[in-house]
Amino acid sequence: MSYVDYLVRRAIHSVPVIFGLSVLIFLISRVIPGDPVRLALGPEATDQQVAALRAEMGLDQPLPMQYADWLFGVVQGDWGMSLRTNNNVFSDIVARLPATLELTVVTLFFAVLLAIPFGVVAGTNKDRWQDHLSRITALFGVSMPRFWVAIVLQIVFVVSLGLLPLSGRLSDGVAPPPAVTRLYLVDSLIAGQFGTFVDAATHLLLPTVALGLATLAQVMRLIRSDMIDEQRKDYVLAARAYGLPNTLIEYKYMLQNAFTSSLTVVGLAFGFLLGNAFLVEIVFAWPGMARYGVQAILYQDFNAIVGVTIVVGIGFVTANFVVDLLYGYLDPRVRLEEG
Amino acid sequence: MSTKTSIPFLDTESAARKERIRQLKRGFRTFAGNKLSLVGLAMILTLVVAALLAPYLAPFPEHAGAGVYFDQASEPPSATHLMGTDTTGRDIFSRVLFGARLSLLMSGIVLSIAISIGVTLGLIAGYLGGTTNTVIMRVTDIFLAIPPTLLAMAVVAATGASLFNVMVAIAFSWWSWYARLVQGEVLSIKEDEFIESSRALGSGWVRTTFREILPNVVSPITVKATLDMGFVILVGAGLSFLGLGAQPPTPTWGAMIAQGRNYVTSFWWIAVFPGLAISFAVLGFNFIGDGLRDVLDVEVD
Amino acid sequence: MPTGNIERRKLLKLIGAGATSVALAGCQGAQQTETTDGSSGSDSTTAEQTSDGGSGGASNDFHFVAGQVFGTLDPAEQVDYTQGLAAQNLYDELITVDAETLQPTAHIAESWDTEDEGKTWVFTVRDDVTFSDGTPLTADDVAYSLTRMLELQRGYSSFWLDYLDPSNITVRDEQTVAFEFNQAYGPALATFVQFYIVNSTVVQENEQDGDHGNAYLQNNSAGSGAYVLDNWEQGNSIEATAYEDYWKGWSEDSFDTFRSTVITEESTIKTTMQQGEGDMTDQYMGTQAYAEMDSYANVRVPEVPQLQLFHFPLNCQKAPTDDINVRKAIAYAFDYDSAVNDIIGGGGVAAGPVPREMAGHNDDLVPMEQDLDKAKEFLDKADYSVDEINEIGLEHVVVAGTELQRQMGLLNQAGLNELGIDLEINPLQWARLTDRATSAESTAHMTNIFHTAKMPSPDSHTYLMYHPSSFGSYISQSWYSTDEIAATLEEARKSTDLQSRLEKYEEAQALIVEGMPSVYIANPPYRIGINENVEGWQYRGVMSFDWDVHSMTRSGEGRAK
């Protein structure tokens, strides 16, 4: 099977998953109790107004029709109106997505960057103290609730030490940099606003740590076990026999191979970060999509719930897809097995 | 079916059994040799004892129920109140103990439901194959494509906030991994000789399932379930942190943190101690799970 | 704010480096398209708008920290305190409240008169008021705005719906408008404090599908108020710039911009105030939060008595609270002292529905006290046994997220627990709560409600709560009235003489209290956090009126941030 065939097969496989997800979430959102229309219009609304808006939103139609309408709208960028913000859910999400992406991408980057050396050290020192330490640290990392870590960080670094800002993406009164990517770190550098860059970075620091600890732990353990597998392989033994320096063997050859298989987890980790950003964004009042999602859930804003869930689902599936692609590209055996 | 033909089969079976017992014994020694697992076991036993004996261990058991004690509100940790009191004067230590009950109970129930659903669907899919398999596994893929926390939040939003709904919602979001695992095992084992032979010998598929397939998936399920005990506690805490769980005065750990969050600037202990309790419980299960993983030699993410 | 300075400040903003998220006036067209494109929430819109500059630091900006989202910016729809805050600053009301007497006083209407035995109200409109587009405010705008409210039937339109037909609004000349009610309507003057005037030309030009310009007014202001809307990031913030030609004029130290951001986390609100980034908070946080803010060097927390009732309406149309003995048992089981002293931390126990500071409060009514023996007596007399009550399940709805609300629920739970009654506390979002209040079946057995005077008249705390025509609102969740109560309240409204009107309201209060339709808990004091360097704040008695930013100033040090 050629690489292109493999790509197409994988892509086709993703479509029914996303489609099915949309049906699932749509159904869940439609059993929400209470009258969403009355909620939207407020207590003073008359019955006629309620009926009119219900008809306008298509809520008087049977469920399959509602779903078809909704799907048709989604394709055209009309994701329905948020009952909380009165905006199109799509534009609400588009406006908030960059904040969430900035948080998750920065978190993933640092988690992986730190996980590599720790993982290598642990893997090449199997069953020695370095390994045990990394194991215990990792288990601690995945055991603490992220929202609680976030609060503890606030208590220590904001309340007690007064070193960092409590919440938000920028200090009050600091204007966002000119929008290019809408990632403040990038945009502020493009505009040469270093003050803004520093401000954005200090706001990112605590959320990143709170969100990233568990991911760092997971990726570190994975790299460790891959390193252990690699060590047993012939080429490593041969290289050692030739007297190549250990560091070179470890970081250049072994890590390269180990990293290939770790990619899967990095992809998954990205998906999980998206999923876990919810509570962390709430604690830090981070103006992202995840916070929007939680608010949607608390306010039973059903179009927004569907929208956010679909976006996260697509992010999840896409991350897996991209990982599979890279994986198939780097390791042709995968394609053959699938074929 | 003659006696002659059945003897080799019985032999194989008893041999397999002996082997399994040997493995278990070896496993127990490995587990016992793994200090972390023992620590984990001790932690969880402590937690279970604390949960069971909460009414006797808690210095102020009445603080877990309806009641307000404003004369001792927001007191820092002291000998009387080991973890301080909250803004309504309730002893946080007592509430944390009762919270352990709720967390363990919730996690246990959620996993029982999730594993039952997952294993059943996985068995059906793997065993029957064909269209049934495709349909079930596609649905499983859908559930795998969404973070369980998010799905559970959406379900609770739809069904209303309560401890029962939270359990249903998490179980609903949690079964997919088990279905995938069991289906995979069934597919690979189905091709194995001894299943083939047992089928050839005419034993029913129910019997095959229970005698041959389930024992093979017990190890990975045990490991995964142990780790999941902790992770379900985390997800449940997250939901009750958002106010989607049990309602006041129920002392769930997540809700206690949510309350303390308003006071990070003044009364740090209100949020900190329940969070430590969660970390303690999850860490305990992770230590055990990690040890079991080595013992049973299975790969579980 | 001297008008000459405005251009200079704009210039400073354009060339200045540094930052503010305040968008400049004059970008409204661009903003509207962008907002409909949907760039709320994140800061993308303002990013584009302010990319060419920020504040030079000379601008005097007012920042209100609100704990609740802005549901609507259309002044015809406003009902809650954030909506009131927006209306108060972007629009002008026909009649306002005097800060000293807390009575209705002249505003856009400079004088008024009644004709036809109090049925017709004639208002003379000031001739020096202009809208933000420069056109003068006339009697036509007043007539249009009230007609618009009656036709939209939202917000406070219920004040007039039963008494005033749009066809009976007449413009007599450019400055004179007459409202002919179908009966004498005593509280009319007081109700007009909730009547904000919109620019009829602009709103009519922007009508879509007969929406009376409602959609347009969500993203634009069309009023004569002191500030002009620049940007509304729905659910997050509103930003507005001073209107140079505001009819009341500006002082050197007035605020150039008014901004309100929504922060729902109490700890974040506190730090925002502590760091001097916020100028004012709302009054709905936990008592502890105000005590803590009071300890900050740069924040003061004024405490004044206010025209507010905190109570649990008891649903009188739903078992088991349809039984008066059950209601009495619940009321006697509640610990009022603890509610006032430990939770609210001030003020006094309520005596009936009308706040004690309000003219027209019946002083014969005495506050309730906890008495568990009496509670048990009434419970014994009730048609329901404790087991039956627990079988039904008593539900107490509190607003999710705030400490005070939660603690009130716990206190109530503790009291009822003494009687053997289990109480289920159900925290709900505000929107969901008001949704449930629309029918007696869906209304909870009891609900935490803060009822702040909506107008300077006891009508607000009697008619709006216990007249059958008011049912279905969060204010009237007792679903309780009798023919006698209804008749007395109607007589009160018909009475044109203030003194006899107040007597009727007092009579009504006595009748209402007999039925124990609510657990009347407290008249909480009014507390907000104010930045120490903000001057001129005054309590005004009616919800949101004290947040009139035009009346406040900041001089000297505090200005440049």
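The values are calculated or read from the model by the stated rules, or taken from the named source; none is laboratory data. Because the structure is a prediction, the values reported are computed rather than measured. Counting neighbours? That spans all protein chains shown, and the Cβs are built from the backbone with ideal geometry, glycine included.
Below, the figures for the structure above:
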| quantity | calculated |
| --- | --- |
| Any hit, the range C:395-405, residues being under 19 Å from C:Ala329 (Cβ atoms) and either part of a loop (DSSP other than H, G, I, E, B) or touching a strand residue (DSSP E or B) at 6+ places or on another chain (Cβ under 9 Å) (or both) | yes |
| Matching strands (runs of 3 or more DSSP E) fully within the range C:215-284 where at least 1 residues are touching a Lys or Arg at 6+ places or on another chain (Cβ under 8 Å) and surrounded by 20 or more Cβ atoms within 10 Å (Cβ to Cβ) | C:237-242 |
| Candidate set from the range C:75-95 (those that are touching a strand residue (DSSP E or B) at 6+ places or on another chain (Cβ under 6 Å) and polar (S, T, N, Q)); member that is surrounded by the most Cβ atoms within 10 Å (Cβ to Cβ) | C:Asn89 |
| Among (1) of a type outside the set (Phe, Trp, Tyr); (2) assigned to a helix (DSSP H, G or I); (3) more than 24 Å from A:Val317 (Cα to Cα) - the single one A:Glu281 does not satisfy | (3) |
| Matching option when the condition is in contact (Cβ under 8 Å) with a residue 24 or more places away in the chain and under 25 Å from C:Pro427 (Cβ atoms), among C:Ile324, C:Ile343 | C:Ile343 |
| Complete set of residues in the range C:187-210 that are surrounded by fewer than 16 Cβ atoms within 10 Å (Cβ to Cβ) and part of a loop (DSSP other than H, G, I, E, B) | C:Glu207, C:Gln208, C:Asp209, C:Gly210 |
| Single match in A:Phe284, A:Phe302, A:Phe270 (criterion: more than 9 Å from chain B (Cβ to nearest Cβ), farther than 16 Å from A:Leu97 by Cβ and not polar (S, T, N, Q)) | A:Phe284 |
| Close pairs (7 angstrom Cβ cut-off, 6 or more residues apart or separate chains): more than 17 Å from A:Ile136 (Cβ to Cβ) in the range B:274-296, aliphatic (A, V, I, L, M) and surrounded by fewer than 23 Cβ atoms within 10 Å (Cβ to Cβ) anywhere | B:Gly275/A:Val152 |
| Residue check, A:Arg135 under 30 Å from A:Lys252 (Cα atoms) and touching a residue at least 60 places away in the same chain (Cβ under 8 Å) | yes |
| Within the range B:68-93, considering residues that are within 28 Å of B:Gly108 (Cβ to Cβ) and touching a helix residue (DSSP H, G or I) at 6+ places or on another chain (Cβ under 7 Å), the one surrounded by the fewest Cβ atoms within 10 Å (Cβ to Cβ) | B:Leu82 |
| Odd one out for B:Ala73 among (1) touching a strand residue (DSSP E or B) at 6+ places or on another chain (Cβ under 7 Å); (2) modelled with pLDDT of 95 or more | (2) |
| Number of the condition not met by C:Asp363 [criteria: (1) surrounded by fewer than 16 Cβ atoms within 10 Å (Cβ to Cβ); (2) closer than 25 Å to B:Phe70 by Cα; (3) not hydrophobic (A, V, I, L, M, F, W, C)] | (2) |
| Residue check for C:Arg356: in a loop (DSSP other than H, G, I, E, B), at pLDDT below 95, among the basic types (Lys, Arg) and out of contact with any Cys (no Cβ under 7 Å at 6 or more places or on another chain) | yes |
| Residues satisfying the stated conditions in the range A:139-165, i.e. more than 9 Å from chain B (Cβ to nearest Cβ) and in contact (Cβ under 8 Å) with a residue 60 or more places away in the chain | A:Gly141, A:Ala150 |
| Test: residue in the range C:414-431 that is part of a loop (DSSP other than H, G, I, E, B), surrounded by 21 or more Cβ atoms within 10 Å (Cβ to Cβ), in the same structural domain as C:Asp371 (by TED's automatic domain parsing) and touching a Phe, Trp or Tyr at 6+ places or on another chain (Cβ under 8 Å) | no |
| The range B:245-274, residues that are modelled with pLDDT of 90 or more, in a loop (DSSP other than H, G, I, E, B) and at the interface with chain C (Cβ under 10 Å from one of its Cβ atoms) | B:Pro249, B:Thr250, B:Phe267 |
| Residue list for the range C:463-518, filter: among the acidic types (Asp, Glu) and surrounded by fewer than 20 Cβ atoms within 10 Å (Cβ to Cβ) | C:Asp483, C:Glu484, C:Glu490, C:Glu491, C:Asp497, C:Glu503, C:Glu507, C:Glu514 |
| Single residue of the range B:140-161 satisfying the filter (out of contact with any Ser or Thr (no Cβ under 8 Å at 6 or more places or on another chain) and more than 7 Å from chain A (Cβ to nearest Cβ)) that is nearest to C:Asn426 (Cα to Cα) | B:Ala161 |
| A:Gly80, sole failed condition from (1) over 27 Å from A:Val180 (Cβ atoms); (2) away from every other protein chain (no Cβ under 14 Å) | (2) |
| Qualifying positions in the range C:432-456 - free of Cβ contacts under 8 Å to residues at least 24 places away in the same chain and either assigned to a helix (DSSP H, G or I) or more than 13 Å from every other protein chain (Cβ to nearest Cβ) (or both) | C:Arg432, C:Asp435 |
| In the range C:183-213, the residues that are farther than 22 Å from C:Asn89 by Cα and in contact (Cβ under 8 Å) with a residue 60 or more places away in the chain | C:Gln183, C:Ala184, C:Tyr185, C:Gly186, C:Pro187, C:Ala188 |
| Top-ranked residue in the range A:166-189 [being of a type in the set (S, T, N, Q) and surrounded by fewer than 17 Cβ atoms within 10 Å (Cβ to Cβ); ranked as farthest from the other protein chains (Cβ to nearest Cβ)] | A:Thr181 |
| Selection status of C:Lys374, more than 25 Å from B:Gly160 (Cβ to Cβ) and part of a helix (DSSP H, G or I) | yes |
